[in-house]
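Read the structure below first, then the notes.
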């Protein structure tokens, strides 16, 4: 997944993590400074659905604007899907 928070924030005239926190607070959500910093500094390992909803409300966007699916392999820069593991046949059960 591609995390487009900074792009979406820039379109909403939000240029710093502190501005994002203020925008969230304006819609009734008070995330911690460290949580906003983790969102701002790169793709978070996890984001709760209610947090996504509040971010979208604060930035007047959709979840699809924040998260963009990438084809396999594109996220790691290889440009192609990773090779599949070779399948070995299972032994037959004894009769």
Which count do you get for residues in segment 12-24 that are surrounded by 14 or more Cβ atoms within 10 Å (Cβ to Cβ) and without any contact (Cβ under 8 Å) to a residue 12 or more places away in the chain?
1
Any residue at all in segment 37-53 that's more than 29 Å from residue 71 (Cβ to Cβ), surrounded by 13 or more Cβ atoms within 10 Å (Cβ to Cβ), without any contact (Cβ under 8 Å) to a residue 24 or more places away in the chain and touching a helix residue (DSSP H, G or I) at 6+ places or on another chain (Cβ under 9 Å)?
yes
Helices (runs of 4 or more DSSP H) (entirely within segment 12-66) containing at least 1 residues that are under 17 Å from residue 1 (Cα atoms)
33-40, 49-59, 63-66
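Computed from the coordinates by the stated procedures, all read-outs in this text should not be read as laboratory data. In this text the structure is predicted, and so the values were computed from the model without any measurement. Reconstructed Cβ throughout: ideal geometry from the backbone, glycine too, with neighbour counts over all protein chains shown.
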